[in-house]
Amino acid sequence: MGMSRVLVRVPASTANLGPGFDSLGMALSLYAWVGMGISDRTSIRLHGGGLDGIPTDKSNLFYKVAALLHEEAGRPVPELEIDMCSGIPLTRGLGSSASAIVGALYAANELAGRPFDRDGLLQLATRLEGHPDNVGASLYGGLIAAAWDGSRADLVRLDPPERLAAVAAIPRFELATEKARHALPAQLPMKDAVFNVGRSSLLVAALASGRLELIARAMQDKLHQPYRAPLIPGMAEVLAGAAEHGALGAALSGAGPTLLALVDRDSPRLAELESFLLGTLAAAGTEADLIRLEPDLEGPVVLDEHLAPWLAPQGHRKGDSEA
Ligand code: HSE
């Protein structure tokens, strides 16, 4: 048997990392929390802002995902009391829906007495999300390289280079993944596919061996970024100029609209980079907010219930693991 109530913290993620469309990802130090307990009547409470329009009945994603896990494990679906709170901006390319899926699966798996191992959770999460890059990063933490053939996802997790950090420029508009996927062509020239295979392979090898100086050239992409750039005014200029302003490399984060610059955490040029990012986007008419991030190394963690952010005074959401 599992426990009767559990609190899980799950990280956001960035997908693609440029050339690794639908296959590379990295977990980031922005978090969502899900509390889940067995109850006699299902209730769902959403805490904090930015969650308007999310249903609180059994059509809620967390409930549906938890119910699916129980069904897949051959267990009766219990009534559930669910609390959730997210510090991950929604529909911005930071994997908020993947972290919701992973958080709900992980919490439900704990409640059910762990019928699935991590690979089993990856298979369920990938099926639900449709690609493994965001869910894989949220579920394993660190950097992941993954492939999915429509029925099975294979994944390798890497520790990010120690000095790797990131700056995200988050535009103040939402971009639905579906819309950003519709911008992609059905077919591509062979030379563009070859371009990406080379960059993506080089990027994984550079990250695995700590060759930070290769990242800028390895992060180039011809499969999706050129087609999505018109949806985000200023994106093309940011990607073209970020490395000259102190970034190790830059990419559209997932399907966007967030732009992610990888940086050396000790770089003396972070302020220069940040002003380049904001200035370039502003010049194109895109208002954005900046946030400095670290790779998350842990993936989902079970926390003591008293660390639930909905119990903490406002403004203490990030302090859970240090408390
Ligand atoms: N790899 C996905 C994409 C991530 O770029 O569309 C967004 O869900």
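Rounded to the nearest 500, what is the 222 nm mean residue ellipticity of the chain from helices alone, with -39500 (n - 2.57) per DSSP H run of 4+ residues and division by all residues?
Theoretical 222 nm ellipticity from helices: -9500 deg cm²/dmol.
Considering only 194, 263, 77, the Gaussian network model of the chain with Cα springs below 10 Å gives its largest mean-square fluctuation to 194. Stretched out straight at 0.36 nm per residue, the stretch from residue 275 to residue 118 would grow longer than its current Cα-Cα span by 52.5 nm. Of the peptides 83-91, 126-134, the ranking by mean beta-carbon count within 10 Å, highest at the top, reads 126-134, 83-91. Taking the average, over residues, of other Cβ atoms within 10 Å as the packing measure, peptides 215-221, 6-12 rank 6-12, 215-221 from highest down. A 1.4 Å probe run over the protein chains yields, for the chain, 43 Å² of accessible area per residue, whole-number rounding.
Straight-line reach only, C-alpha to C-alpha below 16 angstrom: list the aspartates and glutamates that residue 179 could link to, leaving out same-chain residues fewer than 8 apart. Cα-Cα hits under 16 Å: 22, 129. In this structure, the amide hydrogen of residue 290, modeled 1.01 Å from its nitrogen in the peptide plane, lies closer than 5 angstrom to those of 170, counting only residues at least 5 positions away or on a different chain. Contact order, relative form, for the chain: 25 percent (alpha carbon pairs under 8 Å, 6 or more residues apart, mean separation divided by residue count).
The residue among 10, 184, 309 whose Cα reaches farthest toward the positive pole of the charge dipole of the chain, with charges on the beta-carbon of Lys, Arg, Asp and Glu, is 184.
Between 82, 291, 54, the residue with the greatest mean-square fluctuation in the GNM of the chain (Cα pairs under 10 Å linked by springs) is 54. Assuming a ≥ b ≥ c are the square roots of the Cα gyration tensor eigenvalues, decide whether region 164-293 counts as rounded (a/c under 1.5), prolate (otherwise, with a/b larger than b/c) or oblate. Oblate, since a/c reaches 1.5 and b/c is not below a/b.
Simple point charges give the picture: +1 on the Cβ of Lys and Arg, -1 on the Cβ of Asp and Glu, and for region 164-293 a dipole about the Cα centre of about 400 debye.
Placing unit charges on each Cβ (+1 for Lys and Arg, -1 for Asp and Glu) gives the chain a dipole about its Cα centre, and among 270, 259, 49 the Cα reaching farthest toward its positive end belongs to 259. Within the listed set 211, 199, 228, the Gaussian network model of the chain (springs between alpha-carbon atoms below 10 Å) gives the highest mean-square fluctuation for 211. A cut-off under 14 angstrom between Cβ atoms defines the neighbours of residue 46, and their net charge, with Lys, Arg +1 and Asp, Glu -1, is -3. Of all aspartates and glutamates in the structure, those lying under 15 Å Cα to Cα from residue 191, and not within fewer than 8 positions of it along the same chain, are 221. Centre-to-centre, using Cα atoms only, region 267-303 and region 69-147 are separated by 25 Å.
The values are calculated or read from the model by the stated rules, or taken from the named source; none is laboratory data. Keep in mind it's a predicted model, so treat the numbers as computed, not measured. Note that each Cβ is placed from the backbone with ideal geometry, even for glycine, and that neighbours are counted across all protein chains shown. For the accessible areas, the whole protein counts, side chains as well, though only heavy atoms, and no ligand, DNA or RNA atoms are used. Shrake-Rupley method; radii C 1.70, N 1.55, O 1.52, S 1.80 Å.
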